[in-house]
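Read the structure below first, then the notes.
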Amino acid sequence: MAQNLIRLTYVSTLRPEISNADIDRLVSRAATFNKGQGITGVLAIDNQRVCQILEGTKEDVEQLFLSIRNDQRHHTVTEIETRAIETSSFEDWGMVRRDMVDMVIYALD
C-alpha cells in the first residue's frame with residue numbers, strides 16, 4: 001500500500017434502539033464504501049459497546065472518522081489511538097464484524 005497509512009482505534013456506545021439487523025446493514029454498507037476508499041478495518045461489538053479499528057491513508061481515515069463521530073446511532077465516541085503503520089493488518093477487509101473477545105486476542109497478538 002501507499003505511504004502515509006494510519007491505524008485509528010476508537011470505542012463508542014450504541015444507542016439502545018440499534019438492533020443487530022441495523023448493525024449488519026451498517027457493516028455491509030461500510031465494507032463496500034471502505035473498499036472503494038482503500039480503507040480496511042474491523043468492528044467488534046459486545047452488547048452496546050463498540051470497538052473499531054480503521055486503516056488507510058491519513059486523509060481518508062480522518063475524513064471517515066469525522067463522519068463516524070457525527071453518526072447519531074452511537075455516542076461517547078472516544079479515540080483510543082492513532083498511529084502510523086507500514087501495511088494494513090486487515091488485507092482486503094473493507095469492514096468485518098467480530099466478537100469483542102476476538103478483537104482483544106488480535107490486540108494481544
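A few remarks follow.
- Spin-label proximity, THR82 to the range 47-62 - amide N less than 13 Å from point 7 Å beyond Cα toward beta carbon: 54-62
- Gain on full stretching of the segment that runs from GLU91 to ARG15 - 0.36 nm per residue minus C-alpha separation: 24.3 nm
The numbers here are math on the coordinates, done by the rules we state, and not lab data. Values in this document were obtained by computation on a predicted structure and should not be read as measured data. Note that we place each Cβ from the backbone using ideal geometry, even for glycine, and neighbour counts take in every protein chain shown.
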